1. For A:PHE126 and A:LEU178 in the same chain, what is the full-extension length gain: residue separation times 0.36 nm, less their Cα-Cα distance, in nm?
2. Compute the relative contact order of the stretch B:53-117 as a whole-number percentage, counting only Cα pairs closer than 8 Å that sit 6 or more residues apart in sequence.
3. Remind me, relative contact order of chain B in percent, using alpha carbon pairs under 8 angstrom and six or more residues apart?
4. Please give the FRET efficiency for A:GLN269 paired with A:LEU339, using the beta carbon to beta carbon distance and R0 = 30 Å, rounded to the nearest 0.05.
5. Have a look at A:ALA109, A:GLY59, A:THR405 and report the one farthest towards the positive end of the charge dipole of the stretch A:3-449, computed about the Cα centre with Cβ charges (Lys/Arg +1, Asp/Glu -1).
6. What is the pair-distance distribution P(r) of the stretch A:1-51, computed from all Cα-Cα distances in 10 Å bins starting at 0, with each bin given as a whole percent?
7. Among all the aspartates and glutamates, which ones have a C-alpha under 20 Å from B:LYS49's C-alpha, if same-chain residues fewer than 8 places away are not counted?
8. Tell me the mean residue ellipticity at 222 nm calculated for chain A from its helices only (DSSP H runs of n ≥ 4, each -39500 (n - 2.57), averaged over every residue, nearest 500).
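Bear in mind that the values in this text are calculations on the coordinates, not laboratory data. As the structure is a prediction and not an experimental result, all values here were calculated from the model. Reconstructed Cβ throughout: ideal geometry from the backbone, glycine too, with neighbour counts over all protein chains shown.
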Amino acid sequence: MTHSRINTDLLRPLFQTSWRFYLFVSVLGAIVATALVAWLSQAYFGFGITGISWPVYWGFYVTSFVFWIGISHAGTLISAILRLVDAGWRRPVTRCAEVITVFALMIGAMFPIIHLGRPWLAFWLFPYPSERLIWPNFRSPLVWDFFAINTYLTGSVLFLFLPMIPDFAIVRDKSTGLRHTIYRVLALGWRGTQTQWHRLESAMQIMAIAIIPVAVSVHTVVSFDFSMAPVPMWQTTIFGPYFVAGAIFSGIAGLLIAMAILRRFLHLQEYLHPIHFQNLGKLLLVMALLWGYFVFNERLVTYYGNEPSEMAVFWRTQRESFAPLYWTMVICNFVLPLLLMGIRPFRTITGCVIASLGVIVGMWLERFLIIVPSLGHKYLPYSFGIYRPQPVEIIVAGSTFVAMTLLYILFAKVVPIISIWELKAGGPSEAPVGRVLLDVPGASDRTRPTKMGEAHP
Amino acid sequence: MKAIYGLYDDGQAAQQAVNRLRSAGIADGEIVVMSSHPMEDYEFGQKDKKTWMWWMACGGGLLGMATAFGLAWLTETSWPIDVGGLPTFAWWPNLIIIFELTMLGAILGTVITLVVSARLGRRSDFYDPQVSDGKILVGIASPGDAIVREIEAALGAQSGAQVKTI
């Protein structure tokens, strides 16, 4: 495939806009605006219009917070791992994935603010020296969240932005007028000198190494919001890895769905091949097994310990009021991916999307089932309670899926959703067939043309 | 004259142009090669690989670590709150903040080094939009009048090369 063809195909969504795009964006925008009104009404009327009340103070909002932070693991973490191992098939996938991280983190980070009765005082959560000397408590998991999420968000935005610079330069070169001016600014004077390429690749390597432990830490810290609290079935050391595994699991599912939608609607069939879905489908299968392993561990230890308050929560989810949700979760997160991704003929694009949709539902339920049954059934009967989500919570939580879709579509409209330069770099080499190893220090695995008769000594 | 450059269809032709420029007495540091993707398969793509970026990332990490330590120590000792009997300055929970800001420092150190060392955001001497279409540019910025003809000859020796002067 020629470079011009790659440019034409991948820049088409930026330069051509159909009426369907405007219609779709308008519909999505209207839904998000409705959710905004719902949230404003909550701020105006107070938390009384939600189902959140003593003893269940964490409901749909904190469930969605944990869920979206988990989805954010789709991108940067997966992309960083694939970059480090230099997986060739990553090239069309990385940017699709990295974008999910940034938007999922933004949406997830909104929920602590949505969850505040007086959101205009959100800055009280930030570590700043206040005049009243009430400094944030650095030993609180909520402050850890602040640092972990913001570090991950900053790192992920930069990890997404840096490899976009050469693509911005391509758009700059192909556009005119205001669009040219905007992309000229975004391209930061990129020319594609060999020095610039080396620096960019070095930076991406370092960022990939740095971002992996940060990504793992983020969901571990989110798990600490629970495991640091003396609540039945929360105070367990397995929550850190359990949350991280679940996050990667739901992240891969989110990525598969996003890729399938992009492939269909942006006509990217020549770039996102079935093999990309099959490879990610295998990862989904591995994560389904890992998730099953963690659930088994968590359940077995609780069951064997037979502590009365923990067993009360255990049975609520296994065979009492929350049992339908629990077993739906098990089917969605374990049985469905195992069948669809484990049996080869089902590991198609459609199979991957069905399994991923199941995992998304299952992982949201998992977060809900960690939070609500435990909070509604603590140690003593005076603290037992029921949570019934109200319309405002359902609208706000549900609309975040629409917001994610809207942000993703708008992003794909202004930035090539597949990294053009990485795709070109991964294409068939231009060098001739006969090649010899380079004798440049540090480049023993590189090759150069054999025709070096003219090479400078 | 701002620059002379040639545009080539493939890496091999660009490599030959680079070699001819060297034979014409042009120093390696003066030869600029631009492409729409990394060209590490070629010898010219191996130039200027050395970078301080790793050290700058480590430096940024150390700075982040020191900032986190200072922030945690200052805030906790300024308003000592009893949290479950933990010491006023408790290492275990503070390690989380220290870790996060260390990594943030390393990331920011890397990005700042990239911006400075790759000369991002600065006005460029010359460029040709055909690079975006896959052409490989080999050129010299501000060549001396005495060697212009030699450079033009070196760049144009390859069939199919487009030589431009700006």
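1. 14.9 nm
2. After rounding, I find 60 percent.
3. Relative contact order of chain B: 52 percent.
4. Calculated value: 0.70.
5. Farthest towards the positive pole: A:THR405.
6. Cα pair-distance distribution for the stretch A:1-51, in percent: 21, 24, 20, 16, 13, 6, 0.
7. Here the aspartates and glutamates satisfying the reach criterion relative to B:LYS49 are A:ASP86, A:GLU201, A:GLU422, A:ASP439, A:ASP445, B:ASP28, B:GLU30, B:GLU40, B:ASP41.
8. My calculation for chain A gives -22000 deg cm²/dmol from helical runs alone.
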